[in-house]
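> Questions regarding the structure given below will be posed in turn.
The values are calculated or read from the model by the stated rules, or taken from the named source; none is laboratory data. What you see is a predicted model; the values in this text were computed from it and never measured. For neighbour counting, all protein chains shown are included, and Cβ atoms are generated from backbone atoms with ideal geometry for every residue, glycine included. For accessibility, only protein heavy atoms count, side chains too; no ligands or nucleic acids. Shrake-Rupley method; radii C 1.70, N 1.55, O 1.52, S 1.80 Å.
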Amino acid sequence: MNSSLPVLPLRDVVVYPQMVVPLFVGREKSILALEAAMAEDKQILLVAQREAEIDDPVLENIYQVGTISSVLQLLRLPDGTVKVLVEGSQRVNIGESVIGAQVEGEDFLRVMYTPCEEQAVDEAMGAELVAVLTSQFEQYVKVSKKVPAEVLSSLAGIESVARFVDTVATHLALGVAEKQQVLEADNAVDRAELLLGLIDSELEV
């Protein structure tokens, strides 16, 4: 039996594992999905929408890879919207038609999923990639002025290559499609190489 989770479709955000992100939720179905998550075990599946302007997304309107996340805090605001703090934990795939089946009988999107296997990274290669990515990202921080300098010092304490790469990806000013491409890559090496290419393009601009 494949597991299922309520889905929170995101208009313009891609959430990576281990990232803590505040979200403002206003759509009725999304609030219902959050309430279902709170009633179960505070786990929700965050998946980016292919087109931000779609107000009532169905399975075809969201990407096939998302991130299981824990709801850390939920705050109902006076205007009816909900502010929620989430922490990503695991990449999952809802892409295969049987697995990605929408669970019927609920007023929000709930889907079956399978975990994405994180491929191990060779230690020497991982260290080399981290070094190259660090120097590129440092240049990006100097040029972009959008990333606080303290982000660089926070990177220094990260030992996992996968987490390092995801943290860098979170802080780059990329479009949803590009961030999603990074989320979907099978392993940290592929994600790092993708990011290096994206940072190069940004630096050229």
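> Starting with the highest mean, order 12-18, 157-163 by the number of other Cβ atoms within 10 Å, averaged over the residues of each peptide.
12-18, 157-163
> If you roll a 1.4 Å probe over the heavy atoms of the protein chains, what accessible area per residue do you get for the chain, in Å²?
Here the residues of the chain average 52 Å² of exposed surface.
> So which of Lys29/Lys179; Lys29/Lys146; Lys29/Lys145; Lys42/Lys146 end up more than 27 Å apart by C-alpha?
Beyond 27 Å between Cα atoms: Lys29/Lys146; Lys29/Lys145; Lys42/Lys146.
> Can I ask one more? With springs connecting C-alpha atoms under 10 Å apart, model the chain as a Gaussian network and identify which of Val71, Val86, Val121 has the largest mean-square fluctuation.
Val121
> List every residue whose amide H lies under 5 Å from the amide H of Ala48, counting only residues 5 or more places away in sequence or on a different chain, with H placed 1.01 Å from N in the peptide plane.
For Ala48, the qualifying residues are Leu10, Tyr63.
> Using a Förster distance of 22 Å, how high is the FRET efficiency between Glu28 and Glu51, based on the Cβ-Cβ distance and rounded to 0.05?
Plugging the Cβ-Cβ distance into 1/(1 + (r/R0)^6) gives 0.70.
> Using the Karplus equation 6.51 cos²θ - 1.76 cosθ + 1.60 (θ = phi - 60°), what ³J(HN,Hα) coupling, rounded to whole Hz, does each residue of segment 191-200 give in order, writing x for Gly and Pro?
5, 5, 5, 4, 4, 4, x, 5, 5, 3
> From the phi angles alone, apply the Karplus equation (6.51, -1.76, 1.60; θ = phi - 60°) to segment 121-132 and give each ³J(HN,Hα) in whole Hz, x where the residue is Gly or Pro.
For segment 121-132, the Karplus curve yields 10, 4, 4, 5, 5, x, 5, 5, 4, 4, 5, 5 Hz.
> For the chain, give the percent of accessible area contributed by carbon and sulfur heavy atoms, probe 1.4 Å, rounded to a whole number.
Ligands and nucleic acids excluded, carbon and sulfur give 51 percent.
> Something else: Enter the mean projected area of the convex hull around the alpha-carbon atoms of the chain, in nm², rounded to one decimal.
12.4
> How would Arg27, Arg91 line up by accessible area, probe 1.4 Å, largest first?
Ranked from most to least accessible, the order is Arg27, Arg91.
> Give the peptides 112-118, 53-59, 75-81 in descending order of average Cβ contacts within 10 Å, highest first.
Highest to lowest by the protection proxy: 112-118, 53-59, 75-81.
> While we're looking at this one, here's another question. Count the net charge of all other residues whose Cβ sits under 14 Å from the Cβ of Lys42, scoring Lys and Arg as +1 and Asp and Glu as -1.
-4
> Same structure, new question: On a 1.4 Å probe surface of the protein chains, which of Thr67, Thr134 comes out largest in accessible area, and what is the full order?
Descending accessible area places them as Thr134, Thr67.
> To the nearest 0.05, how large is the calculated FRET efficiency for Met38 and Glu128 if R₀ is 30 Å and r is the Cβ-Cβ distance?
For R0 = 30 Å, the calculated efficiency reads 0.10.
> If R0 is 30 Å, what FRET efficiency do you get for Ala156 and Lys83 from their C-beta distance, rounded to 0.05?
0.45
> Quick one: how many Å² of Met125 are accessible to a 1.4 Å probe, rounded to 10?
About 90 Å², rounded to the nearest 10.
> Near Val25, within a Cβ-to-Cβ distance under 11 Å, what is the net charge of the other residues, with Lys and Arg +1 and Asp and Glu -1?
Every neighbour counted, the sum reads +3.
> At 222 nm, what value in deg cm²/dmol follows for the chain if DSSP H runs of at least 4 each add -39500 (n - 2.57) and the sum is divided by all its residues, to the nearest 500?
-12000 deg cm²/dmol
> Residues in segment 16-37 near a label at Leu75, defined as backbone nitrogen under 14 Å from the 7 Å Cα→Cβ point?
Answer for segment 16-37: 21-25.
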